[in-house]
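The values are calculated or read from the model by the stated rules, or taken from the named source; none is laboratory data. Treat the numbers as computed from the prediction; the structure is a model and nothing was measured. For neighbour counting, all protein chains shown are included, and Cβ atoms are generated from backbone atoms with ideal geometry for every residue, glycine included. Surface areas here come from the heavy atoms of the whole protein model, side chains and all, with no ligands, DNA or RNA. Shrake-Rupley method; radii C 1.70, N 1.55, O 1.52, S 1.80 Å.
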Amino acid sequence: MKVEHITLAYGNKNILKDTNIQIAPGEFVFLIWSSGSGKTSFIKMLIGDLKPKSWKFSIKEDKDVYAYTEKELLAYRRNIGVIFQDYKLLRSKTVRENVAFAMEVSGYKDSYIEEKIPEILSRVWLLNKKESFVETLSWGEAQRISIARALIHDPEIIIGDEPTGNLDPHNAEDIMNLLTELNKQGKTIIIATHDDRIVNRLKKRVITFKDGKITSDRENGGYEL
Ligand SMILES: Nc1ncnc2c1ncn2[C@@H]1O[C@H](COP(=O)(O)OP(=O)(O)OP(=O)(O)O)[C@@H](O)[C@H]1O
Ligand SMILES: [Mg+2]
C-alpha cells in the first residue's frame, strides 16, 4: 500500500499534511496518534470513504482509489478487513448469527455461509462459542467477533481502529496474539492505536503522527508520543 502527498482535513482542521506512507504486503504496522487526532478519519480515507483534499494512493495496481467505479471500489474494500471502533454487535444473537448476518448483508448465499462460518470462527478462536449469545461473552471474546467479521472476505489487509481500546490488559494481549497469528498467515496488519502497552510489547514497525505529520517511523519501535 502506497499513499502519497495526502492532505486530509475537515474544513481548515488538518488531519494529515502532505504525508507519504508505504506499507509492504505482509507487514505489521502500528500507527500512533493521540486521541481525537485522526485515526478513524485516516482509516475511512483508506477504504475510500473520506476523500482527502489532495492524494495519490493505491493498494495493488497503481490506480487511484477515488477514481474507482462503484464496482471497483467494492472489490477494493473486500480486500481490506476493518475492525471498527464501534463494533455494532447484535447482543441478543449468537456468535454464529452475528457473523452470518454480516455475510448475508454482503450478499453471500446461505449454503456458503454455513460452510464458511466454522473456518472463520476457528481463525478467531471462537468455534467453541459458536452458539453462545453475545451478551454472555467477555469483552475480549466480543471483540474477536468483530475480527471474524473483518475476515469474511478473506482480505489481504486487516486494519484495526483501536482494537484494544475497551479491553483490559489480558484481553488486549489476546487480541494482539490473534492479530500476530493472522500476520504470520500472510495478512498485512495495520493498527491505529494509542495503547502504549501493546506497542511496546510487540516491537513492530511504529509510525508516529503529530500535528498532521509523521514524526517517526521505526522498525522494532516503541511508543513515543
Ligand atoms: N465529520 C467530521 N466533521 C468535522 N470534523 C470531524 C469529523 N469527524 C471527525 N472530526 C474531527 O477530526 C478529528 C479527528 O477525528 P477522528 O475521529 O478521526 O480521531 P480519532 O483519532 O479516531 O479519535 P478517537 O481516539 O477519539 O477515536 C477530531 O478533532 C474530530 O472532532
Ligand atoms: Mg477513532
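Where residues in the stretch 22-41 are assigned to a strand (DSSP E or B) and open to solvent by 10 Å² or more (accessible area, probe 1.4 Å), which of them is nearest to ligand 2 (Cβ to nearest atom)? Spell out how you get there, then give the answer.
Our first condition is that a residue be assigned to a strand (DSSP E or B); within the stretch 22-41, this holds for 22, 28-32.
The next check asks that each one be open to solvent by 10 Å² or more (accessible area, probe 1.4 Å); those that pass are 22, 28.
On the way: 22: 23, 28: 20 Å.
Going through the qualifying residues, I end up with 28.
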Report task. For residues that are of a type in the set (Ser, Thr, Tyr) and either in contact with a Pro (Cβ under 9 Å, 6 or more places away or on another chain) or not in a loop (DSSP other than H, G, I, E, B) (or both), tally how many sit in the stretch 88-106. Result -> 1
Report task. Identify all residues within the stretch 118-160 that are β-branched (Val, Ile, Thr), within 30 Å of residue 42 (Cα to Cα) and part of a helix (DSSP H, G or I); write none if there are none. Result -> 120, 134, 145, 147
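Restricting attention to the stretch 166-176, does a residue exist that is touching a Phe, Trp or Tyr at 6+ places or on another chain (Cβ under 8 Å), in a helix (DSSP H, G or I) and away from ligand 2 (no atom under 16 Å from the Cβ)? Please lay out each step first, then the result.
Step one: of the stretch 166-176, the residues touching a Phe, Trp or Tyr at 6+ places or on another chain (Cβ under 8 Å) are 166-168, 171.
Keeping just the survivors that are in a helix (DSSP H, G or I) gives 171.
Then drop every residue that is not away from ligand 2 (no atom under 16 Å from the Cβ), which leaves 171.
Within the stretch 166-176 (the criterion being touching a Phe, Trp or Tyr at 6+ places or on another chain (Cβ under 8 Å), in a helix (DSSP H, G or I) and away from ligand 2 (no atom under 16 Å from the Cβ)), the answer is yes, since at least one residue qualifies.
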Report summary line: Those residues of the stretch 188-216 which are of a type in the set (Lys, Arg) and in contact (Cβ under 8 Å) with a residue 40 or more places away in the chain amount to 204, 205, 210, 213
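Select from the stretch 52-104 the residues that are within 16 Å of ligand 2 (Cβ to nearest atom), open to solvent by 60 Å² or more (accessible area, probe 1.4 Å) and in contact (Cβ under 8 Å) with a residue 24 or more places away in the chain and list them in ascending order. Quick ask: steps written out before the conclusion?
So in the stretch 52-104, the residues within 16 Å of ligand 2 (Cβ to nearest atom) come out as 82-88.
Remaining after also requiring open to solvent by 60 Å² or more (accessible area, probe 1.4 Å): 84-86, 88.
Across the stretch 52-104, the qualifying residues are 84, 85.
Any residue in the stretch 118-136 that is more than 19 Å from residue 82 (Cα to Cα) and open to solvent by less than 20 Å² (accessible area, probe 1.4 Å)?
The first filter runs over the stretch 118-136 and keeps only residues more than 19 Å from residue 82 (Cα to Cα), leaving 118, 127-136.
Keeping just the survivors that are open to solvent by less than 20 Å² (accessible area, probe 1.4 Å) gives 134.
Yes - at least one qualifying residue is present in the stretch 118-136.
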Query - Check on residue 44, at pLDDT 90 or above, part of a strand (DSSP E or B), under 22 Å from residue 214 (Cβ atoms) and open to solvent by 50 Å² or more (accessible area, probe 1.4 Å) - result: no
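Based on this model, can you work out whether residue 156 counts as open to solvent by 10 Å² or more (accessible area, probe 1.4 Å) and either away from ligand 2 (no atom under 16 Å from the Cβ) or touching a Phe, Trp or Tyr at 6+ places or on another chain (Cβ under 9 Å) (or both)? Give the derivation first.
Values: open to solvent by 10 Å² or more (accessible area, probe 1.4 Å): yes; either away from ligand 2 (no atom under 16 Å from the Cβ) or touching a Phe, Trp or Tyr at 6+ places or on another chain (Cβ under 9 Å) (or both): yes.
In short, yes.
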